[in-house]
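Read-outs: derived from the displayed coordinates by stated rules, not from any lab. Please read all numbers here as calculations on a predicted model, not as lab measurements. Using ideal geometry, Cβ is built from the backbone for each residue, glycine included, and neighbour counts are taken over all protein chains shown.
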Amino acid sequence: MTGTEPDSVDLVNGTTDILLRALRELGKSGKPDSANRLAARAWVLLKSNYPREAQRLNGLMHYLARLPELSSTPAVSQLSAMPQLEEHHEHRPKTRRTQ
């Protein structure tokens, strides 16, 4: 390795920074469960040799667990799936107004 190449700790630290940002954005965009699963997979890979980075992922997983999962169904589809109320029109005879 030459003097200009990052060592493995710096490389893992930088990659973890990028991963944390990406997973946080995925969670905030409505997919926290997907982001949490990916974070868990990365945590398993890091926990033995890079415990500090694994701990950072653990913190992110706790953050993601509190975010709401947004439905992939558009709101318009949800409205159309709601039961429709039948409209009943009463037919009243027209009356003349007297003045």
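Numbers below:
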quantity	calculated
Phi-based couplings in Hz for the stretch 61-71 (Karplus 6.51, -1.76, 1.60; Gly and Pro marked x)	4, 5, 4, 5, 5, 8, 7, x, 7, 8, 5
Projected label distance in nm at GLN55 and GLU25, using a 7 Å step from Cα toward the beta-carbon	2.7 nm
Note, ³J(HN,Hα) from phi for the stretch 21-30, Karplus 6.51, -1.76, 1.60, rounded to Hz, x at Gly and Pro	4, 5, 5, 5, 5, 4, x, 5, 7, x
Inter-label distance, nm, simple model (7 Å from Cα along the C-beta direction), SER8/ALA65	3.0 nm
Spatial extent of the stretch 1-73: Rg and Dmax, with the Cα atoms as the point set, Å	14.0, 52
